[in-house]
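First comes the structure, then the notes that go with it.
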């Protein structure tokens, strides 16, 4: 934070920093003509790429802008923040607040009419989600993910909140299909200790959607740091899971009255579980026939 009694150096702020993204944009627009060229590059990117500013890594954002990571720190400090992490927290709060709370969602549902209209809305959103998945998902990435799952000694599943049902289904399906798996649900805050059991011969499958769950991201990061292959199911290339992933699969669910069905996510989960079981069975048959 800037000190109100200190003399500001060139490009730095001596006032309290903005506390919401709209105020930040107004400040950037007011100062852009006086900003050094590198800081202006960051400012332009920040205004146009809210999601990446919220969930990208400092190194990744700097690479996208073609500046040094230290320039991000300098930019944040020029606006009165203590550093880039504080500025990024502002963008993350904005992204989390972009989804209405459940009372607002219920009001939206009431406006959609009687129960028949509600059912039609959710069904239409689910169909659109699955159609988009089948049209856009990379078949090569899907095959890589299935191969990783099939070859893993243990599959560790990481998810929370809205993504938890997808992980729970995978735990059921993989177990029934004979693939060893373990859910890391962070019960008792023991997630890091559970991740510590994973090794290079295992796979971590992490699932998180906007607004990304910090616990899932952190546990996936721990697995990555241990050299464990990571499969991510997420909804954007700007997801914080992507930079750590061995392979990532994009699922974007169409919403109805701000409720997002899990139809496409569950379809992908079924495909991964069945596909991994089939590959493992084919491998076992081939080994027996040698």
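Based on the Cβ-Cβ distance of residue 287 and residue 93, what FRET efficiency does E = 1/(1 + (r/R0)^6) give at R0 = 45 Å, to the nearest 0.05?
Working from the Cβ atoms, E equals 0.30.
Find the centroid of the Cα atoms in region 14-75 and in region 166-201, then give the distance between the two in whole Å.
Answer, in whole Å: 38.
On C-alpha positions alone, give me the angle between the axis of helix 21-31 and the longest principal axis of the chain, in degrees, nearest 10.
Computed tilt is about 40 degrees.
What's the angle, to the nearest 10 degrees (0 to 90), between helix 164-176's Cα axis and the longest principal axis of the chain?
Tilt of helix 164-176: around 20 degrees.
Any idea how far apart residue 120 and residue 246 come out in nm if each label point goes 7 Å out from Cα toward Cβ?
Between residue 120 and residue 246, the simple spin-label model gives 4.7 nm.
Enter the angle in degrees (range 0 to 90, nearest 10) between the Cα long axis of helix 263-288 and the first principal axis of the Cα atoms of the chain, meaning the one along which they spread out most.
Approximately 50 degrees, to the nearest 10.
Shape verdict for region 21-96, please, from the Cα gyration tensor: rounded (a/c under 1.5), prolate (a/b greater than b/c) or oblate.
Here region 21-96 falls in the rounded category.
For the chain, what does -39500 (n - 2.57) per DSSP helix run (n ≥ 4), summed and divided by total residues, give at 222 nm, in deg cm²/dmol to the nearest 500?
-17500 deg cm²/dmol, from helical runs alone.
Read-outs throughout are calculated quantities, based only on the coordinates presented, and are distinct from any laboratory measurement. Quantities reported herein were computed from a predicted structural model and do not represent experimental measurements. Virtual Cβ from ideal backbone geometry, glycine too; neighbours counted across all protein chains shown.
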